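The values are calculated or read from the model by the stated rules, or taken from the named source; none is laboratory data. Every value quoted in this text rests on a predicted model; they were computed, and no experiment measured them. Cβ sites come from the backbone with ideal geometry, for glycine too, and all protein chains shown count toward neighbours. Note: areas computed on protein heavy atoms with side chains; ligands, DNA, RNA excluded. Shrake-Rupley method; radii C 1.70, N 1.55, O 1.52, S 1.80 Å.
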Amino acid sequence: MSAAVPSVVREIADGYAFTGPALDLGAVLLDGTAYPDAPVRVPLGVLNRHGLVAGATGTGKTKTLQLIAEQLSAQGVPVFLADIKGDVSGVAAPGAPSERTAARAAEVGQDWRAEGCPAEFYALGGLGTGIPLRATVTSFGPLLLAKVLDLNETQESSLGLVFHYADRSGLELYDLKDLTAVITFLTSPEGKEELKGIGGLSAATAGVILRSLTLLENEGAGAFFGEPEFDTAELLRRAEDGRGVVSVLELPAVQDRPRLFSTFLMWLLADLYQELPEVGDLDRPKLVFFFDEAHLLFKGASKAFLEAITQTVRLIRSKGVGIFFVTQTPKDVPADVLAQLGNRVQHALRAFTPDDAKALKATVSTFPKSPAYDLGEVLTSLGTGEAVVTVLSEKGAPTPVAATRLRAPRSLMGPVEPAALRAAVDGSALAGRYRDAVDRESAYEKLAARAARPQAQPVPVPAEEPAAPEPTPRDAREARDAPEKESGGLLGALLSNPALKSFARSAGTQLGREISRSLFGTSRRRR
């Protein structure tokens, strides 16, 4: 390091001198000068300890997550980006050289070159440009769906009864009309008679559930529930050259429907948590999530939803998955979640109002003490593309606070052209598997046929499962891991028992939550 580097900068740089693989964020910034000999980095192995990228509008948060995402991809780590505003799609295209980019690279000691990442583009239920993401009602299970619908304990228990009846009667719940049909049937005289042996469903409770389902469908969830169901193992893929695939979920079409986004997020995390094995701390994460505009995720969220997210953030780390929340101020993230975010990139904050000043003071209090900076002053004077950083070291201890001039992304800093986005989606190998919705015979059709018969008979349980769809990455993984599951001892036998799994999914009690394999009570999908 050059002798011209101030001693305080040297001390900060020593805190970021990691021996293992790391991502380069930028260079230490002091009194407006960046020191390229003092790099600020984050160890690859601590990214499953989660993180926060925060800052006022226009301070460069989106470009920061783009910078981190493309470096993760280059290191072979798959990335998931939830793109609310539609300006992250440029991660798939090479950046445009400019004098400004060249100047920034020189200031921070960056060897800049234009380079895009291998990417897939998704859209919820096909609402927007992207490969449609769908999930069946069955895979959600009653506990998770009850959280989404904000049902109370009694209503949740009743919904569990509906799922239990559907399972027992061979009524497949693929989409919302299937669930609506079963609930409607169970409030009819015939349905009430069939429920006598296992309980009952009051008309008032059924009405609450049906109204909540209607509201959810009006927010666009009708297109999201159905088949073919998305296999979350697709998010773990690498390109042929070994780079991690960046999965971009395009959300501009649903940014005014946060309930739909929240529904998807809960299912996606639950499905990953359920399917991924415990791996502990790895030298690099298996997958890193970035949730842009995270305030939309938590705004108006139910207590149950917040509790589920908090548990997920706490537990999914051991599955090798890291989660980064991207938002305007740390106060947008619930305190229980914020406490678990070990890596922080804080862009500039504004203090134009008393509330702003209060938020600034609260933000400063969450950082480690810094002898080098007056953080209150620094956070209000940072320029675009500059941030205050502290991360976890390879030993798990916080690094010194470092004002940082960040590197420039190598990919395009802006959205790709609509035609290019459309071409990427149409050319994806996944398009043929997920693009076209499938409406197989299920509860809705079976109950309609039953009602049309002169003397309705009980719906027969199918003798065999429907034909399996095209094998997916999860199919191969489950086949490979079958011997291990078979030797899982008593606990493995219990968790794989179909009767016990059905009970765990349908029970609305604490016991049901504890028995269920999934944090959210979701069930393994039926192939």
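Residues with amide H under 5 Å of VAL246's amide H, sequence separation 5 or more or different chain, H placed in the peptide plane at 1.01 Å from N; which?
VAL79, ALA119, GLU120
How would THR187, THR327 rank on accessible area, largest to smallest, probe 1.4 Å? Intermediate values should be presented prior to the final figure.
Values: THR187 45, THR327 0 Å².
In descending accessible area the options line up as THR187, THR327.
Carbon and sulfur together cover what percent of the accessible area of the stretch 15-64 at a 1.4 Å probe radius? It would help to have the intermediate numbers written out before the result.
On the way: 700 of 1420 Å².
Of all accessible area on the stretch 15-64, carbon and sulfur atoms account for 50 percent.
Between the alpha-carbon centers of the stretch 10-65 and the stretch 126-148, tell me the distance in whole angstrom.
Cα centroid to Cα centroid, the span is 36 Å.
Using a 1.4 Å probe on the protein chains only, how many percent of the accessible area of the stretch 328-435 belongs to carbon and sulfur?
Working: 2920 of 5200 Å².
Its accessible area is 56 percent carbon and sulfur atoms.
For the ranges 63-69, 376-382, what's the packing order if you count other beta-carbon atoms within 10 Å of each residue, average per peptide, and put the highest first?
Details: 63-69: 25.7, 376-382: 17.0.
Result, highest mean Cβ count within 10 Å first: 63-69, 376-382.
Show the residues, 5+ positions off or on another chain, whose built amide H is closer than 5 Å to the amide H of SER411.
Under 5 Å from the amide H of SER411: GLY95, GLU115.
Averaged per residue, what accessible area in Å² does the stretch 258-352 show with a 1.4 Å probe, protein chains only?
Result: 33 Å² of accessible area for each residue.
Alpha carbon centre of the stretch 325-350 versus the stretch 366-400: separation in Å?
Using only Cα atoms, the two centres lie 13 Å from each other.
Pop the C-beta distance of ARG168 and ALA357 into the FRET formula with R0 = 51 Å and round what comes out to the nearest 0.05.
Working: r = 60 Å, r/R0 = 1.17.
Result of the calculation: an efficiency of 0.30.
For the stretch 1-90, what class follows from the C-alpha gyration tensor (a ≥ b ≥ c being the square roots of its eigenvalues): rounded when a/c is under 1.5, otherwise prolate if a/b is larger than b/c, else oblate?
Values: a/c = 2.57, a/b = 1.54, b/c = 1.66.
Oblate is the answer for the stretch 1-90, as a/c is 1.5 or above yet b/c matches or exceeds a/b.
Can you give me the accessible area per residue for the stretch 356-431, using a 1.4 Å probe, in Å²? Intermediate results must be reported in sequence, preceding the final value.
Numbers: 3600 Å² over 76 residues.
With all protein chains present, the stretch 356-431 gives 47 Å² per residue.
Quick one: ranking VAL88, VAL208 by accessible area, 1.4 Å probe, largest first, what do you get? Mind dumping the intermediate values first?
On the way: VAL88 0, VAL208 40 Å².
Largest accessible area first, the list is VAL208, VAL88.
Computing the accessible area with a 1.4 Å probe over protein heavy atoms, can you report the carbon and sulfur percentage for the stretch 206-274?
Numbers: 1010 of 2180 Å².
Carbon plus sulfur share of accessible area: 46 percent.
So who's got an amide H within less than 5 Å of the one on ASN343, skipping anything under 5 residues away but keeping other chains? H placed 1.01 Å off N, in plane.
The list, which skips near neighbours in sequence, is GLY51, LEU52.
Work out, in µm²/s and without decimals, the Stokes-Einstein translational diffusion coefficient of the stretch 271-400 at 4 °C, 1.567 mPa s, Rh from Kirkwood over C-alpha pairs.
After rounding, the answer is 79 µm²/s.
At 1.4 Å probe size, with every protein chain present, just tell me what the per residue accessible area of the stretch 113-192 comes to in Å².
On the way: 2190 Å² over 80 residues.
So the stretch 113-192 comes to 27 Å² accessible per residue, rounded to a whole number.
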